[in-house]
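Every number in this text was worked out from the coordinates using simple rules, so none of it is lab data. In this text, all values refer to a predicted model and were calculated from it rather than measured experimentally. No Cβ is skipped: glycine too gets one built from the backbone with ideal geometry, and neighbour counts run over all protein chains shown.
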Amino acid sequence: MPKIYDCVVLGIGPSGSTCATYLKRFNKEVLILSKDGGILSKSELFLDNLYGLSKISSKDLFSSNIKHLKELGIPFFYEELIDLETLENNIFKVITQSNEYLTKSIFLGLGINRTKPAFVKNDDLIGNGISFCASCDGFFYKNKTIGIYGDSEQAKHELSILENIASDILLFTKNKDLSNLKNNVRIINEPIVNLEVKDGLLNAVITKNNKYVLDCLFIADNFHSALTYKLGIEIDDNIIKVDNKKSTSVRGIYAGGDCIGPQYQIIKAACDGMEAAYSINEYLKYNDKK
Ligand SMILES: Cc1cc2nc3c(=O)[nH]c(=O)nc-3n(C[C@H](O)[C@H](O)[C@H](O)COP(=O)(O)OP(=O)(O)OC[C@H]3O[C@@H](n4cnc5c(N)ncnc54)[C@H](O)[C@@H]3O)c2cc1C
């Protein structure tokens with residue numbers, strides 16, 4: 001029987017780490033999975049608005065967080081989330097590029113996607129030739145020509161689904177780590193500058209020098225939309241909607257920090273993580289009793 005965590009926390013930023021810290025204090029089996037250390041570990045920011053701390057570099061703050069998680073015995077792995085599934089009995093399966101984990105609840109602390117593709121100017125195209133989810137919509141494009149846009153592991157994951165469905169795939173990517181591609185996949189290493197629309201449907205992708213006619217473009221670069229679309233979590237303009245308990249519209253899935261909207265601040269993200277942990281603790285009590 002595979003291990004079932006009480007909560008898998010996605011993201012090791014201030015919201016995720018704080019949520020995990022509180023859950024650990026509530027004696028819950030918690031695991032953090034994160035693509036990387038996020039903005040704080042990557043940028044040399046100087047922070048001067050945190051309680052009790054005068055000017056601190058974001059990298060020092062992040063290192064201190066890692067030390068703290070280790071002291072508390074909270075396991076964390078650097079793995080990129082590529083899919084989530086709902087199983088029976090209120091259990092979720094969390095799928096990364098290298099592993100699968102089972103959990104009773106999930107906290108999404110994925111931060112904000114600051115790179116929404118600029119060429120998606122018209123949201124009406126979503127569902128009309130623009131999709132965020134290969135496993136949801138791929139089947140509608142059986143034997144058609146489709147495009148996939150994205151550089152991340154998620155793009156590879158979407159490709160693995162779509163390569164067996166579509167007849168031709170144009171992969172708009174800068175990812176160099178791609179091998180064993182099927183014959184129906186063509187890599188287009190050209191930035192997309194625009195989309196051509198015909199009768200309300202996507203007709204073609206325009207790059208600087210070319211036009212590629214296709215039936216659907218799958219965006220694998222906008223994680224919130226992809227996941228939330230698939231699981232039915234409500235979002236609004238790329239912001240995950242939560243109630244005052246930090247619960248998303250899907251029972252057992254909570255969210256906090258930048259991915260649920262302003263203010264985009266560390267202290268607010270940490271506060272969201274703490275509030276979610278209290279709610280998750282209550283949820284687990286209720287669920288374990290059933
Ligand atoms: C330039 C800049 C300066 C800033 N300065 C300040 C400041 O001075 N003071 C302040 O309070 N705030 C500042 N902020 C904002 C602050 O950094 C954020 O509000 C805070 O980091 C949000 O925390 P979070 O936990 O929501 O997300 P993040 O810290 O963004 O963490 C998100 C986590 O999710 C992970 N993740 C994302 N996608 C996946 C995936 N597919 N699979 C697995 N893991 C994934 C990332 O690896 C990361 O660990 C600044 C931000 C920027 C960009």
(request) Mind checking the stretch 89-128 for trypsin sites (Lys or Arg not before Pro) that DSSP puts in a loop (not H, G, I, E or B) and that have at most 11 other Cβ atoms within 10 Å? (result) Arg114, Lys121
(message) At a 10 Å Cβ-Cβ cut-off, how would you order Glu85, Glu163, fewest neighbours first?
(response) Glu85, Glu163
(request) At 0.36 nm per residue, minus the direct Cα-Cα distance, what do Asp123 and Asn194 gain on full extension? Give it in nm, one decimal, please. (result) 24.2 nm
(request) Would you work out the charge dipole size for the stretch 123-221 about its Cα centre, treating the Cβ of every Lys and Arg as +1 and the Cβ of every Asp and Glu as -1, and quote it to the nearest 20 debye? (result) 380 debye
(message) Given axes a ≥ b ≥ c from the Cα gyration tensor, I'd like to know whether the stretch 123-221 is rounded (a/c under 1.5), prolate (a/b larger than b/c) or oblate.
(response) oblate
(message) Let's see if you can work this out: charge +1 on each Lys and Arg Cβ, -1 on each Asp and Glu Cβ, no other charges. What is the dipole magnitude of the chain about its Cα centre, in debye to the nearest 20?
(response) 460 debye
(message) Given a Förster distance of 25 Å, report the FRET efficiency between Lys245 and Ile95 from their Cβ-Cβ distance, rounded to the nearest 0.05.
(response) 0.45
(request) Identify the residues of the stretch 140-175 with backbone N under 11 Å of a label point that sits 7 angstrom from the Cα of Lys208 along the Cα-to-Cβ direction, or state none. (result) none
(message) Tell me which trypsin sites (Lys or Arg not before Pro) from the stretch 32-81 have a DSSP coil assignment and no more than 13 other beta carbons within 10 Å of their own.
(response) Lys55
(message) Test of understanding: given the chain, find the longest segment containing no chymotrypsin sites (Phe, Trp or Tyr not before Pro) that are in a DSSP loop and have at most 13 other Cβ atoms within 10 Å.
(response) 52-263
(request) Round to the nearest 0.05 the FRET efficiency obtained for Ser54 and Arg25 when R0 = 35 Å and r is the Cβ-Cβ distance. (result) 0.80
(request) State the Cα centre-to-centre distance between the stretch 157-171 and the stretch 229-258 in whole Å. (result) 29 Å
(request) Please report, in debye to the nearest 20, how large the charge dipole of the stretch 1-148 is about its Cα centre when each Lys and Arg carries +1 at its beta carbon and each Asp and Glu carries -1 there. (result) 220 debye
